[in-house]
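First comes the structure, then the notes that go with it.
Laboratory data are not the source of any read-out in this text; all were calculated from the coordinates shown. Since we're looking at a predicted model, the values are computed, not measured. Cβ placement follows ideal geometry from the backbone for every residue including glycine, while neighbour counts extend to all protein chains displayed.
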Amino acid sequence: MSESSRIFAGDGTLLTVLHAEQNRQAVPYDQLPRTLIDAVVAIEDKRFWEHNGVDLQAVLRAAGPTPPRAASPRAARPSRSST
C-alpha cells in the first residue's frame with residue numbers, strides 16, 4: 001500500500017506532501033470506527049459476532065446434500081458451429 005511522502009523543513013514545519021498513485025494514509029485499527037469494522041465483517045459473515053468464527057450452522061449446511069442447480073440459460077442455447 002502506497003502512502004504519501006511528507007517533506008519537512010529543518011525546523012519541523014511541513015513543506016509539501018508528495019502523493020503516490022493514490023492519496024492514502026494508514027489508520028491504526030484502534031482508530032477505525034466500530035461501524036466500519038462491523039460492516040467489513042458483515043460482508044463476509046453477518047453472524048460472525050454470534051459464533052466467534054466457527055459457524056456450526058454453515059458447516060452443517062455445507063456438509064449436507066447440494067440441491068440440484070437450475071439449467072443455465074446459456075446451456076439451453078444451441079451451439080453455433082461454422083460450416
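So here's what we get for this one:
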quantity: Spin-label pair residue 61/residue 24, simplified geometry with 7 Å Cα→Cβ offset, distance in nm; calculated: 3.2
quantity: Cut-off 12 Å between beta-carbons: net charge of the residues surrounding residue 54, Lys and Arg +1, Asp and Glu -1; calculated: -2
quantity: Calculated FRET value between residue 41 and residue 14, using beta carbons and R₀ = 30 Å, to 0.05; calculated: 0.25
quantity: Loop-located trypsin sites (Lys or Arg not before Pro) in the range 1-55 whose Cβ has at most 14 other Cβ within 10 Å (DSSP); calculated: 24, 46, 47
